[in-house]
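Reading through the structure tokens given below for one structure.
Laboratory data are not the source of any read-out in this text; all were calculated from the coordinates shown. Note that the structure is predicted; figures quoted are calculated from it, not measured. Counting neighbours? That spans all protein chains shown, and the Cβs are built from the backbone with ideal geometry, glycine included.
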Amino acid sequence: MIIMEEKKDFRDLEQEVIDRGKCALCGGCIATCKLLDYRYLVMDYDKERPVMGEGLQCPPDCGYCYYQCPRVEKPELRRELEEMYEVVASDDEIRAVAQDGGAVTALLAYALADGIVEGCVTVVRDEHWRTRVQVAMDRSSLLKAAGSKYTPSAALTGIADAIIDHGLWSVALVGTPCQMAGYEKMLAVGRDTHNAHNFASIIRLRIGLFCMGSYSYERLVNEYLAAVHGININEVTGMQISNNVLHVYSDAGELLSADIAEIEPYKRDGCRVCEDFTALFSDISVGNSGTPEGKSTVIVRTYTGKDVFEGAIERGYIEAKRIDPSGAELVHRLMKQKKEAGIAEKERRKAGK
Ligand code: SF4
Ligand code: SF4
Ligand code: SF4
């Protein structure tokens, strides 16, 4: 007698991933549910977890949110390239609003202007530094998304918004390494199990951001910045982590410069098991480690990414040169450190320590 394994669903995702402090808040489960036209899930940013509406019952043949979660099972990595560059945006306006050379904004501006994409899934913040996922379809919306944010934003929800709410079929996705992995997993599961939406065709460019961690909004803003340092978040105009130092700026100048170890307690649990620093599942990865201040470190990872990168150079959107070998070495060292830390944390949890 063949015993069919019962399909898992969102309740299992809660028990196995979310309640166990493994959720990366990528938003993939919410996007998948919306793309399947159930729309049962939303991101509760106060609780920092995906939640299901009261009284809803998942159909027995669904379960896609569970199987596409990158924290249930990692996607398979296919390596194409690893070319590292030091990059700066050519445009003064982009450099003025962006951090670290403005490569992300400049690449997106090129992709929009050249018709490679119709929209870009990016993250904006309000005056309280609360984040919101947006689908930017023009330059001014792109400029609003420039600059780092260190609190969670479920960027993958923007994929469903781009398709369903905006009717787009060519989109760029910007996100953290976990979000790039989440999208890769959406592709893999969608391809093999359902064709409600052809995820593969909508994202034409994946730009991954270097990431050492994301921090709980309430704890970072209220417990740390406000209570420990007396900083009113509404006055903050910029935050940046570079060389293990958190810098917080206002219009008047630097408000805080603190060792990153100070904010370690506020890091989200789901980030502690994360092994990917440079977004291995992206077409192009961008960060600030390994290049001088005011420049972006760019890693071209796929031939799709290479086409866009070279097009942006040809059309005068970015200036690029090969990264200094010491910069590449630093990036590789940080990649190794993060991978080892994530594995060690998983082992620690497995051992119940
Ligand atoms: S990691 Fe992503 S897909 Fe998995 S539960 Fe969290 S938000 Fe959903
Ligand atoms: S099992 Fe299906 S319907 Fe239920 S939350 Fe997941 S994707 Fe939505
Ligand atoms: S540390 Fe990992 S899980 Fe956390 S935001 Fe960054 S990429 Fe995502």
Worksheet item: If we scan the stretch 76-97, do we find a residue that is within 16 Å of ligand 3 (Cβ to nearest atom) and of a type in the set (Val, Ile, Thr)?
Response: no
Worksheet item: When you go through Asp126, Asp138 one by one, which is the residue that is over 25 Å from Val298 (Cβ atoms) and without any contact (Cβ under 8 Å) to a residue 40 or more places away in the chain?
Response: Asp126
Discussion item. Looking at Gly253, Gly208, Gly230, Gly238, can you tell me which residue is among the small types (Gly, Ala, Ser) and within 16 Å of ligand 1 (Cβ to nearest atom)?
Written reply: Gly208
Discussion item. Can you go through Gly190, Gly182, Gly230 and tell me which one is part of a loop (DSSP other than H, G, I, E, B) and either of a type outside the set (Asp, Glu) or in contact with a Cys (Cβ under 8 Å, 6 or more places away or on another chain) (or both)?
Written reply: Gly230
Worksheet item: Conditions: (1) more than 16 Å from Thr32 (Cβ to Cβ); (2) surrounded by fewer than 24 Cβ atoms within 10 Å (Cβ to Cβ); (3) touching an Asp or Glu at 6+ places or on another chain (Cβ under 9 Å). Ala188 meets all but one. Number of the miss?
Response: (1)
Worksheet entry | Among (1) part of a loop (DSSP other than H, G, I, E, B); (2) touching a helix residue (DSSP H, G or I) at 6+ places or on another chain (Cβ under 7 Å), the one test that Leu56 misses | (2)
Worksheet item: If you take just the strands (runs of 3 or more DSSP E) that sit entirely in the stretch 238-318, which of them hold at least 2 residues that are in contact (Cβ under 8 Å) with a residue 60 or more places away in the chain?
Response: 238-242, 284-287, 296-300
Discussion item. Anything in the stretch 298-349 that is under 30 Å from Ser170 (Cα atoms) and either within 16 Å of ligand 3 (Cβ to nearest atom) or of a type in the set (Lys, Arg) (or both)? List them, or say none.
Written reply: Ile299, Arg301, Lys306, Arg315, Lys321, Arg322
